[in-house]
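Written out below as structure tokens is the structure these notes cover.
The values are calculated or read from the model by the stated rules, or taken from the named source; none is laboratory data. A quick note: this is a predicted structure, and the numbers were derived from the prediction, not measured. Positions of Cβ are backbone-derived with ideal geometry, glycine not excepted, and every protein chain shown enters the neighbour counts.
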Amino acid sequence: MRFLMKFGGTSVADAQCIRRVVDILEQHHKAGDELAVVVSARRGVTDQLIEVATKLPVAKDDTAIAPLIQALSTQHMTMLEGAAPAHIAEVGAAIEDQLIKLQNILFAIYNLRELTPRSKDYIISFGERLLAPILAAAIRERGIPSMAMDGCEAGILTTPQHGESTALHESDDRIKTKIGPMLGKQIPVIMGFMGCTREGILTTLGRSGSDYSASILGAGIDADEIWIWTDVDGIMTCDPRVINDARVMRSLSYLEVMELSYFGAKVMHPRSIEPAMRKNILVRVKNTFNPSHPGTVIVRNGQRDNRVVKALTYIDKVAAININGAQMIGRPGVAKAIFTILADHEVNVMMISQGSSEANISLIVDESHLSAAVDALAVLVKQGIVREVSHNHDVCAVAVVGAGMAGAPGTGGRIFTSLGAAGVNVMMISQGSSEANISFVVSQSDGPRAVRVLHDEFQLSEESDE
Ligand code: ADP
Ligand code: ASP
Ligand code: MG
């Protein structure tokens, strides 16, 4: 079989974790499987890089740089020593080389007092740059040829949208040419989270983007299966940190996973299903720390069962924008003006609802896009197209997902009746046209309770015959 296996930051947290990852790879290699690997940064490193990089342009001095470089050096050298002792000299020098590059760019950001999207992308790619050579060396340590390469070298071409780029379809052929000949002869270890534009400028694919890298590369090499290795047994009925008796699901459809990840299930990057779906490749989510568990299988048509609702998500980092104005009544083109101006400012609208009087349109956006959205919409107030734009941070979005909801009457009634009985006030409702999702907005303090009520109402903790 040909596999693309991706290991997340939680799977490569220390030397012992890396050895565990290599055990898994070695076992498949010995069984005659062809393997390509995608790896993320060590857990927490991308966050650290973002924090330091964003503070530097306004920092009063550059003292944050040295401790970061020192900490990264210690963490990665310790991992290298524990996971690939025979390769310390050569790989250690490569790590130090990367750290010098990182240090130089950080000083440049401080001195210039400017962090552009392009330089930010370059900086935040260093977590993967530091980790991948260690994993490749740990594989070589077991006598299996392996080499680390970055996303661009592996053939991933993207749009130039820094921080949230999308892979271009022409990546497929490039990946096939670059990675195809290596398969079976060695295990290439590809740095997740990044690609480059046609001009060769580095881009990143958005937070958690290594899942997306895995799917792009899996599609490029025509993998039989894409395996996403993480720290839980599979995709669960809800975030286990919110619902402690959340259950691992055996099977989901591509559509269901897209709805879940789009609405915040952190276990997968929102765009990571599309490349696999395009090539109809089975995706499996598995636990590095419990590899014998079958995990969750994601295919075109997940197994049908009599459950209409399969899973729930909950995102609290969202904000509501209310656009009011009687001018909107019966006036064609107002919605177009709103969405065009938001798209021009790269604001991603997660949910939309329009009152039947047409005097009000409400939107849900990611909290990080709120100020850009509000500033952009102020122009429409000035132009007299809308009267007023207000916003509310104290909200969260909950999504109820299940392909079986399409055409099953009564699910909406059940959702909102049980919420009403629990005293949860619903501020906004939206149903996607796929009918695999009903999402709604409640105040932030009601969010966890809303999810708990629905998890119980649809008995999601109980095994079904999925
Ligand atoms: P990785 O480093 O492997 O990419 P992440 O931290 O990005 O791991 O994703 C795995 C985590 O996602 C889990 O530890 C879990 O806490 C969280 N999570 C949120 N929602 C879900 C869900 N529905 N199913 C499983 N895990 C979820
Ligand atoms: N390291 C990146 C992040 O933390 C990508 C990933 O982990 O998938 O977002
Ligand atoms: Mg992840």
From Ile190, Ile175, grab the single residue that is within 16 Å of ligand 1 (Cβ to nearest atom), in contact (Cβ under 8 Å) with a residue 24 or more places away in the chain and of a type in the set (A, V, I, L, M, F, W, C). Ile190
In the set Ala93, Ala89, Ala138, Ala53, the lone residue that is assigned to a helix (DSSP H, G or I), within 28 Å of Trp227 (Cβ to Cβ), more than 20 Å from the chain's Cα centre (by Cα) and away from ligand 3 (no atom under 16 Å from the Cβ) is Ala138
Is one or more of the residues making up region 157-165 out of contact with any Gly (no Cβ under 8 Å at 6 or more places or on another chain) and hydrophobic (A, V, I, L, M, F, W, C)? no
Determine which member of the set Ser464, Ser418, Ser445, Ser439 is modelled with pLDDT under 90 and small (Gly, Ala, Ser). Ser464
In region 31-51, is there at least one residue being touching a Lys or Arg at 6+ places or on another chain (Cβ under 8 Å) and farther than 26 Å from Ile216 by Cβ? no
Within the set of pairs 6 or more residues apart or between chains, which connect a residue that is assigned to a loop (DSSP other than H, G, I, E, B) inside region 1-27 to a residue that is of a type in the set (Ser, Thr, Tyr) and away from ligand 3 (no atom under 13 Å from the Cβ) with Cβ atoms less than 8 Å apart? Asp14/Thr78
How many residues does region 83-101 contain that are touching a Leu at 6+ places or on another chain (Cβ under 9 Å) and touching a residue at least 40 places away in the same chain (Cβ under 8 Å)? 4
Looking at region 375-403 only, could you name the residues that are more than 25 Å from the chain's Cα centre (by Cα) and in a helix (DSSP H, G or I)? Asp375, Ala376, Leu377, Ala378, Val379, Leu380, Val381, Lys382
Applying the selection to region 1-16, what residues are within 18 Å of Ser210 (Cα to Cα) and either basic (Lys, Arg) or at pLDDT 95 or above (or both)? Phe3, Leu4, Met5, Lys6, Phe7, Gly8, Gly9, Ser11, Val12, Ala13
Can you name the number of the only condition in (1) of a type in the set (Asp, Glu); (2) touching a residue at least 60 places away in the same chain (Cβ under 8 Å); (3) away from ligand 2 (no atom under 14 Å from the Cβ) that Glu199 fails? (2)
Restricting attention to region 168-193, report how many residues are more than 9 Å from ligand 2 (Cβ to nearest atom) and under 20 Å from the mean Cα position of the chain (by Cα). 6
Within the bounds of region 30-38, is there any residue that is under 20 Å from Thr204 (Cα atoms), within 16 Å of ligand 3 (Cβ to nearest atom), surrounded by 18 or more Cβ atoms within 10 Å (Cβ to Cβ) and not hydroxyl-bearing (Ser, Thr, Tyr)? yes
Please count how many residues of region 28-45 are part of a loop (DSSP other than H, G, I, E, B) and touching a Ser or Thr at 6+ places or on another chain (Cβ under 6 Å). 2
Could you tell me whether region 49-71 includes any residue that is farther than 30 Å from Leu112 by Cβ, buried (at least 20 other Cβ atoms within 10 Å of the Cβ) and not small (Gly, Ala, Ser)? no
If we scan region 370-386, do we find a residue that is surrounded by 14 or more Cβ atoms within 10 Å (Cβ to Cβ), within 29 Å of Arg307 (Cα to Cα) and out of contact with any Lys or Arg (no Cβ under 9 Å at 6 or more places or on another chain)? no
Could you grab me the full set of residues in region 442-458 that are hydrophobic (A, V, I, L, M, F, W, C) and outside any helix (DSSP H, G or I)? Val442, Phe458
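Each row is one residue, and each column tells you yes or no for (1) among the aliphatic types (A, V, I, L, M); (2) within 16 Å of ligand 2 (Cβ to nearest atom); (3) surrounded by fewer than 20 Cβ atoms within 10 Å (Cβ to Cβ).
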| position | (1), (2), (3) |
| --- | --- |
| Leu205 | yes, yes, no |
| Ser208 | no, yes, no |
| Ile216 | yes, yes, no |
| Trp227 | no, yes, no |
| Asp231 | no, yes, yes |
| Arg241 | no, no, yes |
What is the residue count in region 163-181 for residues that are crowded, with 19+ Cβ neighbours inside 10 Å and in contact with a Leu (Cβ under 9 Å, 6 or more places away or on another chain)? 5
Could you grab me the full set of residues in region 239-251 that are out of contact with any Asp or Glu (no Cβ under 9 Å at 6 or more places or on another chain) and touching a residue at least 24 places away in the same chain (Cβ under 8 Å)? Asp239, Val242, Ile243, Asp245
With respect to the numbered conditions (1) more than 30 Å from Arg198 (Cα to Cα); (2) surrounded by fewer than 19 Cβ atoms within 10 Å (Cβ to Cβ); (3) not hydroxyl-bearing (Ser, Thr, Tyr), which one is the sole condition not fulfilled by Arg113? (1)
Checking Leu131 against (1) free of Cβ contacts under 8 Å to residues at least 40 places away in the same chain; (2) within 16 Å of ligand 3 (Cβ to nearest atom): exactly one of these is not met. Which one? (1)
Being away from ligand 1 (no atom under 14 Å from the Cβ) and touching a strand residue (DSSP E or B) at 6+ places or on another chain (Cβ under 9 Å) is the filter here; which residues of region 193-219 pass it? Met194, Gly195, Cys196, Thr197, Arg198, Leu202, Thr203, Thr204, Ile216, Leu217, Gly218, Ala219
Within region 421-441, the residues that are in a loop (DSSP other than H, G, I, E, B) and exposed (fewer than 15 other Cβ atoms within 10 Å of the Cβ) are Gly423, Asn425, Ser433, Ser434
